[in-house]
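Written out below as structure tokens is the structure these notes cover.
The values are calculated or read from the model by the stated rules, or taken from the named source; none is laboratory data. Treat the numbers as computed from the prediction; the structure is a model and nothing was measured. Glycine also receives a Cβ, built like all others from the backbone with ideal geometry; neighbour counts cover every protein chain displayed.
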Amino acid sequence: MLIFIALSTYIISSWWNWYYGDGFGLRAFIDYYGIYCLLLALLLNRIPMKFVHLLIIALIGPIVFLNLFQTWQYTQKGIQPNSMNREKYCYIFLESDSAHMQGLGGNLEIADFTVDLNRPELVLHNDFETKPDSWNNISIQYSSRAFSQGHVGYLDSIHPFSPGLEIKTSQLGFLPSRFFIEGELMVWDSMMGASNQALVVLSMDSISRYENYWQGFRLNDTPLNDMKSWRKCRFSLTLPEIENPGGVLKIYIWNTGKKPFLLDDFILHFYRIKDP
């Protein structure tokens with residue numbers, strides 16, 4: 001039984017999208033439920049009855065409870081359909097209060113199998129020292145605390161929006177196209193939990209003929225209380241198909257919590273998703 005579980009798990013998780021898309025649990029295991037049940041029944045049949053009862057009570061019961069509880073967490077959006085990791089799982093484990101259930105952020109999607117991560121279409125970098133093409137440089141100031149050189153993006157209650165990308169879609173090459181984006185930036189909280197309510201925002205008016213596009217997710221994977229030290233935040237996601245060659249794609253940080261924190265070295269990688 002253990003050999004079969006290990007072998008089937010290895011084969012299933014070898015697919016490029018190892019978690020098989022958004023959802024709770026890994027649906028590819030469903031095809032093996034019948035075999036798992038038979039092997040489990042054979043195992044239990046070889047154990048004396050009193051030990052079977054103890055095993056069911058001590059092991060199977062709590063596992064079933066955990067599965068049902070985490071299914072409820074998922075339906076309440078406490079567990080994310082993707083982007084979960086060990087840190088997030090430990091943070092939400094057996095928690096049901098609103099602070100924990102609404103506390104997860106981040107977005108780390110896996111690139112489509114047609115994406116060549118060694119060959120980005122565009123690499124756009126803003127170190128906040130000069131004004132690169134396709135970036136706005138609002139909320140920039142000199143700081144001795146800068147991660148590199150001397151200038152940072154400064155966010156507080158008066159400056160809620162960070163320096164961000166404002167790129168014309170005509171600069172992305174031929175359209176219509178879909179893109180996978182990887183982003184990273186350095187963050188420095190000037191007070192405890194300053195960036196916990198900050199959002200990464202991606203938006204574009206008229207991304208297609210019939211719809212606009214807006215997506216926002218929390219910058220931090222989990223609420224943080226460390227302060228006055230630089231840390232790297234990462235995100236990745238797939239944009240919907242861009243059809244409008246006259247549109248402007250915006251990517252920036254929105255400080256909804258209004259507490260002061262700093263940004264530096266904002267980098268974005270664009271990868272074209274090819275037709276399979």
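Miscellaneous remarks
- Scanning segment 200-238 for residues that are among the hydroxyl-bearing types (Ser, Thr, Tyr) and more than 20 Å from the chain's Cα centre (by Cα) yields Ser206, Ser208, Tyr210, Ser229.
- Taken across segment 58-65, residues that are surrounded by 11 or more Cβ atoms within 10 Å (Cβ to Cβ) and either assigned by TED's automatic domain parsing to the domain that holds Gly216 or not in a helix (DSSP H, G or I) (or both) do not occur at all.
- Filtered residues of segment 12-41 (kept if more than 27 Å from Tyr89 (Cα to Cα) and either touching a residue at least 24 places away in the same chain (Cβ under 8 Å) or of a type in the set (D, E, K, R) (or both)): Ile35, Leu39, Leu40
- Residue check: Gly193 meets all listed conditions (1) without any contact (Cβ under 8 Å) to a residue 24 or more places away in the chain; (2) closer than 26 Å to Ser143 by Cα but one, namely (1).
For every residue, the table says whether it meets (1) closer than 23 Å to Tyr19 by Cβ; (2) β-branched (Val, Ile, Thr); (3) in contact with a Pro (Cβ under 6 Å, 6 or more places away or on another chain).
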| residue | (1), (2), (3) |
| --- | --- |
| Leu39 | no, no, no |
| Leu43 | no, no, no |
| His53 | no, no, no |
| Ile56 | no, yes, no |
| Phe69 | yes, no, no |
| Gln80 | yes, no, no |
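- Criterion (within 23 Å of Met84 (Cα to Cα) and either at pLDDT 95 or above or hydrophobic (A, V, I, L, M, F, W, C) (or both)) met by exactly one of Ile242, Ile158, Ile253: Ile253
- Just one of (1) in contact (Cβ under 8 Å) with a residue 12 or more places away in the chain; (2) assigned to a loop (DSSP other than H, G, I, E, B); (3) not aliphatic (A, V, I, L, M) fails for Glu182. It is (2).
- Condition met for Ser14 (closer than 25 Å to Ala111 by Cα, surrounded by 13 or more Cβ atoms within 10 Å (Cβ to Cβ), under 29 Å from the mean Cα position of the chain (by Cα) and of a type in the set (S, T, N, Q)): no
- Considering segment 122-178, the qualifying strands (runs of 3 or more DSSP E), each wholly inside and each with 1 or more residues that are touching a Gly at 6+ places or on another chain (Cβ under 6 Å), free of Cβ contacts under 8 Å to residues at least 12 places away in the same chain and hydroxyl-bearing (Ser, Thr, Tyr), run over 140-142.
- Scanning segment 76-116 for residues that are of a type in the set (Val, Ile, Thr) and in a loop (DSSP other than H, G, I, E, B) turns up Ile79, Ile110, Thr114, Val115.
- The condition (being under 30 Å from Ser98 (Cα atoms) and touching a helix residue (DSSP H, G or I) at 6+ places or on another chain (Cβ under 7 Å)) is satisfied by just one residue among Ile79, Ile60: Ile79.
- Picking from residues in segment 253-267 that are surrounded by fewer than 22 Cβ atoms within 10 Å (Cβ to Cβ) and under 19 Å from the mean Cα position of the chain (by Cα), the one that is farthest from Trp214 (Cα to Cα) is Ile267.
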